[in-house]
Amino acid sequence: MNNNIQAKLLNIVKSKISKTDNIGSVLSELLSISIDAAYRRNRGETPLTIDEVQKICNYFSISFDDLASLKENNVLFEYSPLYNYDFSFDSYLDGLVDALRRLSEATNPHITLTVDNIALFQLLNFPHLTRFRLFYWAKSHLQIEEYQNVLFEEEKLTDHAYSVGYEILQRYVKIPTTECYDPEFLKGFMRQIQYYSSAHLFKDPEYPLQLMDEIKMMAYHIKKQAEIGKKFIYRQQAPAQGNEFNLYLNDTVNADNTYYYEAKEEKGIYVVHNHLNFLHTSDPTYVNESKSILDRQLSNSSIISQTNEKDRNSFFHKLDRTIDQFKSKIEADLLL
């Protein structure tokens with residue numbers, strides 16, 4: 001077993017196990033070897049046998065062919081195939097909470113992210129907006145057959161969706177984040193709502209106005225967090241345990257949604273793929289290069305949380321006016 005391939009394989013395993021487990025115990029149990037022998041394999045002192053590699057790949061659903069064929073300029077990503085996704089609000093939240101649980105349980109976690117259009121975690125403060133975003137993805141972007149003759153309507157959340165969504169928010173506000181927005185923030189999302197309204201794809205023609213009101217509330221909620229530099233869940237008073245919210249403004253345009261996470265135990269990158277799906281990798285070369293690019297982007301942006309009141313107020317004032325303009329267009333369409 002090539003040491004580089006072995007290291008990549010075991011790094012993937014580490015990204016898949018929970019914090020309560022450790023790589024030594026996992027390998028010891030899976031391969032029926034001693035703890036000491038497991039750690040020798042982890043350190044690269046003892047090569048994995050072919051049988052051991054097969055057991056690891058089968059257990060953790062890892063493609064060894066893809067892993068072994070990687071060249072220096074290739075990166076191995078993980079993602080959720082579309083055929084495994086049922087597009088329900090519940091299942092989407094389940095996928096988010098699994099990743100966030102692992103990170104929040106790590107030592108000194110931190111997330112650095114760039115936002116292209118929508119701040120996903122902040123959006124979860126408003127479940128009806130999140131439901132619309134997911135519905136639009138399934139119906140208009142992916143053109144899933146079962147959505148084609150369905151109008152969007154307000155629905156009560158399931159108990160499971162409410163519980164998981166709230167857990168995601170609780171974990172998010174406790175992890176310090178550095179977030180970079182741009183002047184196009186939320187504009188694409190509002191265009192989607194306006195399009196659905198003008199195309200008569202809402203069961204209740206008045207419902208898009210409610211969604212626009214919720215966008216305005218979300219913008220105000222983000223502004224309040226930026227003012228104090230702390231995160232808190234909507235309709236809750238800013239708690240003492242709410243963690244750091246470092247908000248930057250990029251005066252140009254963020255090219256994508258990139259999530260860089262790090263903790264004492266691990267670090268990795270999530271890149272938004274096909275609007276809402278995620279690609280994930282812990283490849284050290286790719287992760288370090290991505291972090292370097294993020295650092296440069298932040299250095300060319302202005303921090304607007306806590307300090308820089310003038311730029312912060314200007315950004316959110318322009319956003320508020322844009323929301324009003326989109327709402328006025330929707331109201332005008334309703335009169336036609």
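The values are calculated or read from the model by the stated rules, or taken from the named source; none is laboratory data. These numbers come from a predicted model, not from an experiment. FYI the Cβ positions are ideal-geometry reconstructions off the backbone, even for glycines, and counts take in every protein chain you see.
Return yes when Asn274 is at positive phi, touching a residue at least 40 places away in the same chain (Cβ under 8 Å) and of a type outside the set (Val, Ile, Thr) and no when it is not.
Criteria met by Asn274.
Name the single residue that is surrounded by the most Cβ atoms within 10 Å (Cβ to Cβ) among those in the stretch 1-59 being basic (Lys, Arg) and part of a helix (DSSP H, G or I). Don't jump to the end; show me each part of the working.
From the stretch 1-59, those basic (Lys, Arg) are 8, 14, 16, 19, 40-41, 43, 55; that's our starting set.
Next, from what is left, pick out any that are part of a helix (DSSP H, G or I): 8, 14, 16, 40-41, 55.
Working: Lys8: 19, Lys14: 16, Lys16: 16, Arg40: 16, Arg41: 23, Lys55: 16.
Applying the filter and picking the extreme gives Arg41.
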Matching option when the condition is touching a helix residue (DSSP H, G or I) at 6+ places or on another chain (Cβ under 7 Å) and under 22 Å from Leu103 (Cβ atoms), among Ser61, Ser18, Ser34, Ser28
Ser18
Any residue that is surrounded by 20 or more Cβ atoms within 10 Å (Cβ to Cβ) and either at positive phi or outside the structural domain of Pro127 (by TED's automatic domain parsing) (or both) - is there at least one of those in the stretch 173-186?
yes
From the options Leu157, Leu201, Leu169, Leu211, residue that is in contact with a His (Cβ under 8 Å, 6 or more places away or on another chain) and of a type in the set (A, V, I, L, M):
Leu211
Pairs only if they're at least six apart or on different chains, beta carbon under 7 angstrom, first in the stretch 10-31 and free of Cβ contacts under 8 Å to residues at least 60 places away in the same chain, second polar (S, T, N, Q); list them, first residue then second.
Leu10/Asn42; Ile23/Asn42; Gly24/Asn42; Leu27/Asn42; Ser28/Ser34
Quick check on my filter: what residues within the stretch 148-201 are within 19 Å of Leu93 (Cβ to Cβ) and of a type in the set (A, V, I, L, M)?
Leu157, Ala161, Val164, Ile168, Leu169, Val173, Ile175
